[in-house]
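Structure record follows, encoded as structure tokens.
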Amino acid sequence: MATLDGLPPLRDVIARHGLDARKALGQNFLLDLNLTQKIARTAGPLEGITVFEVGPGPGGLTRAILSLGAKKVIAVERDSRCLPALAEIEVHYPGRLEVIEGDALKTDFSQLAVGEPVRIIANLPYNVGTQLLLNWLIPGEWPPFWQSLTLMFQKEVGQRIVAREGDNHYGRLGVLCGWRTDARMAFDVPPQAFTPPPKVTSSVVHLTPKAAPLPCNVSALEKVTQAAFGQRRKMLRQSVKSLGGEALLAKAGIDPARRAETLSVEEFVSLANCLG
Ligand code: SAM
């Protein structure tokens, strides 16, 4: 039976190419093309856009992105078993899909389509998702090479990305994301939507770069968030003691009796900027 995009159903593709899911590669495939289209649509208009995808696997999300009119998809996939299945998609969309066999953690995405408008869309392998996000978030230059990141994470990680002060999930990730991006939770995806189903619910998170984040040194920001959230139940006078304690807090105009989770992103930035 043909599908809406004229390519074979993903279940057939997986069977024909023997793509039994491997846990070590974080393989939980999405077979429902309505769902993959919903994820791709969350990224915004794709006409004229080059999309970077990490881990296309059998290509469900890739197909959705192409069917929605992306100019080109450049996909990085570590599992060579997926390449023949992806080659069939390349034939269907001539000149619009480039597959790079390799490890996304070692890929310099900033050099893949220099000068082109880029969006990143991925159903990420959970074991490398946070590191990839940090690689895209902490480059030297801002604004970055991408216009948006639309990424699937375990729900708990998604909650940490969008969390702000006063929220239980607020921590280092929330401060970094809140400093440089506007991040929002798009929607949840239940385990049954995947083959095989993971143990937990997933969430699609959408991030766009802030045009002018407050000036701040990233490593100083990481130092203060690491210290403050490393002892999140303690008062700041204690948790940031090794960085200057009360003197540092006084310089930043922050009450030493407060706790890390009550500080806004802006307050963390001023604390980082007061580090010697
Ligand atoms: N995009 C497909 C989908 O939505 O059905 C597959 C998503 S699956 C959660 C993650 C994919 O990432 C797998 O295809 C896996 O082989 C690939 N992968 C795992 N680690 C990778 C890495 N370090 N670099 C590139 N791809 C990786």
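The values are calculated or read from the model by the stated rules, or taken from the named source; none is laboratory data. On a predicted model such as this, the values are computed, not experimentally measured, just so you know. FYI the Cβ positions are ideal-geometry reconstructions off the backbone, even for glycines, and counts take in every protein chain you see.
Leu68 falls short on exactly one of the conditions (1) more than 10 Å from the ligand (Cβ to nearest atom); (2) of a type in the set (A, V, I, L, M, F, W, C); (3) buried (at least 19 other Cβ atoms within 10 Å of the Cβ), and that condition is (3).
Among the candidates Leu134, Leu112, the residue that is closer than 22 Å to Asn273 by Cα, within 16 Å of the ligand (Cβ to nearest atom) and hydrophobic (A, V, I, L, M, F, W, C) is uniquely Leu134. Out of Thr3, Thr50, one residue alone is closer than 21 Å to Pro144 by Cα and more than 9 Å from the ligand (Cβ to nearest atom). It is Thr50.
Picking from residues in segment 10-21 that are among the aliphatic types (A, V, I, L, M) and assigned to a loop (DSSP other than H, G, I, E, B), the one that is farthest from the chain's Cα centre (by Cα) is Leu19.
Summed over segment 115-157, residues that are under 27 Å from Ser80 (Cβ atoms) and either surrounded by fewer than 18 Cβ atoms within 10 Å (Cβ to Cβ) or outside the structural domain of Gly57 (by TED's automatic domain parsing) (or both) total 7. The sole residue among Ala24, Ala87 that is modelled with pLDDT under 95, part of a helix (DSSP H, G or I) and not acidic (Asp, Glu) is Ala24.
Quick grid of which residues meet (1) within 19 Å of Ile138 (Cα to Cα); (2) assigned to a helix (DSSP H, G or I):
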site	(1), (2)
Phe187	no, no
Pro197	no, no
Leu207	yes, no
Ala212	yes, no
Phe229	no, yes
Ala247	no, yes
Glu266	yes, yes
Asn273	yes, yes
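Would you confirm whether any residue within segment 259-271 is of a type in the set (Ser, Thr, Tyr), modelled with pLDDT of 95 or more, in contact with a Pro (Cβ under 8 Å, 6 or more places away or on another chain) and closer than 21 Å to Gly158 by Cβ? Checked segment 259-271: no residue is of a type in the set (Ser, Thr, Tyr), modelled with pLDDT of 95 or more, in contact with a Pro (Cβ under 8 Å, 6 or more places away or on another chain) and closer than 21 Å to Gly158 by Cβ.
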